[in-house]
Amino acid sequence: MKNTKKLISILLVAMLLITTVVVSSVSVSATGTLASYYQTNPSNQFGTQKTITIDGDASDWSDSDAIAYSAAWDCPNHWKGSHENNLSDCYALFGAYDSTNLYIGVQYVNTTDTWQSPGDASLSDSGKMRDIPLMIALDVSSSNNAMTGQVVDENGKTGSIWGFNTTFTSRVDHVLCFSSTSGLGVPKLFTADASGKTQYGNTDLERPFSTVGITYKTADTNVCSSIWGLNYSDDPEDVYDNSADWVDYKTFSGSQGAHNTTFDTFFEFKIPLSTLGIDASYVAGNGVGVIAFGTRGESLMDSVPFDPTVLDNVMGDYSKDPSTSLEKEDADNVTVALARIGAQGSTPVTQPTQPTQPTQPTQPTQPTQATDPDEPTTSAKINATSNFFSGSTISNLAIGDTATVKYELNCNKPVASAQWNLTYDSTKLRLKTSANDLCPTTGGTVNASGNPVYGNFTDAQNMVSFSGGKTFLEAEFEVLANGTANVALTMEELNLGYQSGGAMSLASLVEDSVIKSVTGITGFTDTTVTATSTVESGSAPVDTLTINSASNYFPAQTITVDKDADRVNVVYRLKASKPLINAQWNMTYDTNKLELFSYNMPKVGNALYVEPQAGMLNGNFTDSDGVKFLSTDNFLILSFKVKGTGITTVNLNINILGVAAISGSNVRIAYPVDNGVVQDVTGQSGFSSYTSSQNTYEVLTGDVNNDGIVNIQDATVLQQYLAEFDGVTLNIKKQLAADVKTEGVVDVRDVTAIQRMLLV
C-alpha cells in the first residue's frame, strides 16, 4: 500500500485550498525507476564459475551467485484474486558455469503464509504451484535467430509458445518451457527459424530436455539471505515506490506468524554449453542473458528481472472469472534487459539509483494475539481490543456460533479522515462481513482480502458526524475453534474537522497510531470523545457444514452443504503413466460432524484391504499385475453422512504409492510417495518419462444437476443421461454426484438410489 497517511494529508490540503466543489483526482503513473529492491546484476555480479550438482539440494547456491532480484508478493493476485492458489511469484535469479555446462537457479516464493491459514487460498495444494507451465528465456548469441515468441503448430496456425500469449522485444534466442513440478510433462527447448518463429514437431526447433541433456530439480527452500517484498499494498504502482510497505520476509512476522520458507521453491537447471553452441570462454567473454517467468498457463504473471508487462492489466477482469486478474490471459510483451551470466555483454544493465539495501521503516506494532490460558478449551471466547476504543469480551461460544464486534464512536466534532487496520485470529474466527459493510457510517476504501483488513476514509467537503454515537466499524465472525481469539482494531489516523465560515481547521486525534490531545487547538477546545466496543452473539446458529478435504498428495477442495443434506462424496482422482503396484494410506475425519457411509477403490477391487476405526480408515492394496490409471480415473471414493454444522476436515494421507515399469518378466518399482513424502522418480532407471496428475472433488451425493439440492429433478436428469437424450450431458463433477452407490460407475441403480433418498 502506498503511504495512505501521506495520501490522506495531500487530499485534505488540496481540498482546503480549492474554492469550488469540484475536486481533481490525482493518479501516479507507472513510470520511472523501480523500487531499489529490484536489481539486475547487483554489485556487478555475473554469476560464478563453479560446478553445480543438480540434485534437488539447493545448498550449492547462495546470494553470491545472484544475477537478479525481483520482489516478493508483487504478483497480480496481491491486488486482484488473492483467493487463488498456484502462486508463481518470482524472487531471484542465479547463474553459474563451468567448462561444460551453464547452470541457472530460480527462486520462487510464497509469503502468504504470514497472513493466511494453512489450506486457505494460495496455501492450498500445500502452498505449492503443483503442475503449471513455467518459462526461462536466454539470449546466447547474436548469430542465432532472435525469437518473437510465436510458434507455428502442426496445422500451420500461428500462436504463442505453450500458449503463454507472450512476445519478445528483448532479444531472446532460446526458450525453456517446463512444469513447476519436476518430472511432469515433457519439458522442451525452443529455438527459431529466420522468421523468428519456432515450430511444433520440428525437431531442429523443438527439442525435449531429455534429448539435449538439460536437467532440472526443485527444492522446498529459499537460498536468499533476505526476502524483500510488499506487505500491504492497494496499488500495483507500489513497485515503483521505495516508501511503500516493504518488509523482509526472512524477519517479518504477520498475523499468522513468520514466513516458513518451505512454502518457497528453488529450481536448479543444468544446460550443456554444447546444446547452446558455445563454450566456457564464450560465456566468460560475452556472457549469456537470462530471464525467468511465472505464469498461470495462459499468460505471464511475474518475472525476474522484473518486466512491467506482468502488471499492466492487473485490475482488469479475467474472462472466465471477473474476480481475478486480466493478467492471467492478457498479451505480454517483454522489453526488460536480461540478466547476464559470465559477462556484461554489449548493452550495460542500468542499475537503480537507490541504495542497494534501503533502510526498512519501522512498522506500527500490531496488537498481540495472546491466548488467555484460563479460558476452557471446550468453548470459545472473543476479546475485542483497540488502541483507541475500550475493550469488551464475550464467552461460552460454541463452534459454529456467530458473534458481532462493534466499535462505537461518539464525538462532537465531525471526522474528516481516518485510517485503520483490523486483525483477528483466523485459526479460530472467519470474517463474514463484506468489505463494503465493515464501516457503515463512513464507508471509504476497505481491503478485506487478507488479515489484517485495511481501511481508510477521507472527505473534507462532507465530514462525517458521530455526534450522539454511531458505529465506526462492525464485523461479524463465525467461530471455527474453541479457545480465546482476539479481534484488534488499530486506529492509525483519525482527523477531526472544524469549520467556521469559509475557514476550515483540522486536528489529529490519532496520529501514527498514537492518541493525541486536541483540546489545546483553536476550534477544538471543547472536543468530547467516547470510544467503546461491544461483542454480541449472533441471533441464529450456523446451519451449514463446510467440509475441507486435505491430503499430502491430492489437491485440497472445499464444499459447504446444508445441515439437512444427506451425504457428501469426496473423490480423489489420479492419472499416472505407469501402473500402480501398491499403495498404503490412512484417512481421518471428525465423527461429530461426519459419519462414514462407504468407501471404495473401484479400480483395485478385491486387492483392497481396509481396517475401519472410529474417525479413521486405514487402507492398502498390492497387485503384482499393476493397476492402470493411464487416463484420469477414481482412485478412492469416500461417502459421508452429514451429522453436524460448522467446519470440518477430511484428511487423506498417502503413506506409500508404488508404480511399476514392467518389461516382460523384468519389473522395476519406484515410489512417487514414500513414507508420506512426495518425491520425483524420473531420475530412476525406467521412469524417466513418468508423469502423473491428481484431482479432488467434493460433491453433494445425488445432486446430479449441481444446483445445491437433491430432488426428483436430479433423478430425471440422470435417467435422461442414461437414455442418451439429445443435449443431456454430465460433466465429471455431475457424474461423481450421480454415483450414489459409490461404485465408480453411473447406472440406473443410482437413479433408484436417489429416489430412495427422497423418501427418507
Legend entry - Only one of 175, 186 that is buried (at least 22 other Cβ atoms within 10 Å of the Cβ) and out of contact with any Lys or Arg (no Cβ under 8 Å at 6 or more places or on another chain): 175
Inset, instruction - Give me a count of the residues in the stretch 104-160 that are surrounded by fewer than 19 Cβ atoms within 10 Å (Cβ to Cβ), on the phi > 0 side of the Ramachandran plot and more than 18 Å from the chain's Cα centre (by Cα). - result: 1
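It is to be established whether one or more residues within the stretch 289-311 are in the same structural domain as residue 160 (by TED's automatic domain parsing), more than 26 Å from residue 238 (Cα to Cα) and either in a loop (DSSP other than H, G, I, E, B) or at pLDDT 95 or above (or both).
Yes, some residue in the stretch 289-311 is in the same structural domain as residue 160 (by TED's automatic domain parsing), more than 26 Å from residue 238 (Cα to Cα) and either in a loop (DSSP other than H, G, I, E, B) or at pLDDT 95 or above (or both).
Is it the case that some residue within the stretch 197-208 is in contact (Cβ under 8 Å) with a residue 12 or more places away in the chain and under 29 Å from the mean Cα position of the chain (by Cα)? Outline the logic, then answer.
In the first step, residues of the stretch 197-208 are kept if they are in contact (Cβ under 8 Å) with a residue 12 or more places away in the chain; the result is 197-201, 204-208.
Narrowing the set further to residues that are under 29 Å from the mean Cα position of the chain (by Cα) leaves none.
No: zero hits.
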Inset, instruction - Among the residues of the stretch 719-760, write down those that are in contact (Cβ under 8 Å) with a residue 24 or more places away in the chain, in contact with a helix residue (DSSP H, G or I) (Cβ under 8 Å, 6 or more places away or on another chain) and among the polar types (S, T, N, Q). - result: 719, 755
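Among the residues of the stretch 585-621, how many are in a strand (DSSP E or B) and either surrounded by 15 or more Cβ atoms within 10 Å (Cβ to Cβ) or not hydrophobic (A, V, I, L, M, F, W, C) (or both)?
Counting residues in the stretch 585-621 that are in a strand (DSSP E or B) and either surrounded by 15 or more Cβ atoms within 10 Å (Cβ to Cβ) or not hydrophobic (A, V, I, L, M, F, W, C) (or both) gives 21.
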Legend entry - Options 225, 195: the member that is surrounded by fewer than 21 Cβ atoms within 10 Å (Cβ to Cβ), touching a helix residue (DSSP H, G or I) at 6+ places or on another chain (Cβ under 9 Å) and either part of a loop (DSSP other than H, G, I, E, B) or in the same structural domain as residue 683 (by TED's automatic domain parsing) (or both): 225
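Select, from 684, 613, 679, the only residue that is within 30 Å of the chain's Cα centre (by Cα) and not assigned by TED's automatic domain parsing to the domain that holds residue 130.
Working: 684 fails: within 30 Å of the chain's Cα centre (by Cα); 613 fails: within 30 Å of the chain's Cα centre (by Cα).
After applying the criteria, what remains is 679.
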Inset, instruction - For residues that are under 19 Å from residue 641 (Cα atoms) and acidic (Asp, Glu), scanning just the stretch 725-743, find the one that is surrounded by the most Cβ atoms within 10 Å (Cβ to Cβ). - result: 739
Inset, instruction - Confirm whether residue 578 is surrounded by 20 or more Cβ atoms within 10 Å (Cβ to Cβ), over 27 Å from residue 734 (Cα atoms) and charged (D, E, K, R). - result: yes
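Given the residues 248, 235, which is the only one that is over 23 Å from residue 104 (Cβ atoms) and modelled with pLDDT under 90?
Numbers: 248 fails: modelled with pLDDT under 90.
It is 235.
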Legend entry - In the stretch 744-760, residue surrounded by the fewest Cβ atoms within 10 Å (Cβ to Cβ) [restricted to those that are part of a helix (DSSP H, G or I) and of a type in the set (A, V, I, L, M)]: 759
Inset, instruction - Name every residue in the stretch 65-88 that is of a type outside the set (A, V, I, L, M, F, W, C), modelled with pLDDT of 95 or more and not in a loop (DSSP other than H, G, I, E, B), in order of residue number. - result: 65, 69
Inset, instruction - Return the pairs, sorted by first residue and then second, in which the second residue is of a type in the set (Asp, Glu) and at pLDDT 95 or above, the first residue lies in the stretch 619-633 and is outside the structural domain of residue 580 (by TED's automatic domain parsing) and at negative phi, the beta carbons are less than 6 Å apart, and the residues are 6+ apart or on different chains. - result: none
Inset, instruction - For the stretch 448-462, enumerate the residues that are in a loop (DSSP other than H, G, I, E, B) and of a type in the set (Ser, Thr, Tyr). - result: 449
Legend entry - Residues satisfying the stated conditions in the stretch 551-565, i.e. in a loop (DSSP other than H, G, I, E, B) and of a type in the set (A, V, I, L, M, F, W, C): 554, 556, 565
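Would the stretch 437-447 turn up any residue that is crowded, with 20+ Cβ neighbours inside 10 Å and in a strand (DSSP E or B)? Walk me through it before giving the result.
So in the stretch 437-447, the residues crowded, with 20+ Cβ neighbours inside 10 Å come out as 438-439, 442, 446.
Now narrow it down to the ones that are in a strand (DSSP E or B): 446.
Yes, some residue in the stretch 437-447 is crowded, with 20+ Cβ neighbours inside 10 Å and in a strand (DSSP E or B).
Yes/no per residue for (1) at pLDDT 90 or above; (2) not in a loop (DSSP other than H, G, I, E, B); (3) not aliphatic (A, V, I, L, M):
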position	(1), (2), (3)
687	yes, no, yes
698	yes, yes, yes
703	yes, no, yes
713	yes, yes, yes
716	yes, yes, yes
721	yes, yes, yes
726	no, no, yes
737	yes, yes, no
742	no, no, yes
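Looking at 91, 103, can you tell me which residue is farther than 21 Å from residue 332 by Cβ and of a type in the set (Phe, Trp, Tyr)?
Details: 91 fails: farther than 21 Å from residue 332 by Cβ.
Every option except 103 fails the conditions.
The values are calculated or read from the model by the stated rules, or taken from the named source; none is laboratory data. Values in this document were obtained by computation on a predicted structure and should not be read as measured data. As a convention, Cβ positions derive from the backbone with ideal geometry for all residues, glycine included, and neighbour counts pool all protein chains shown.
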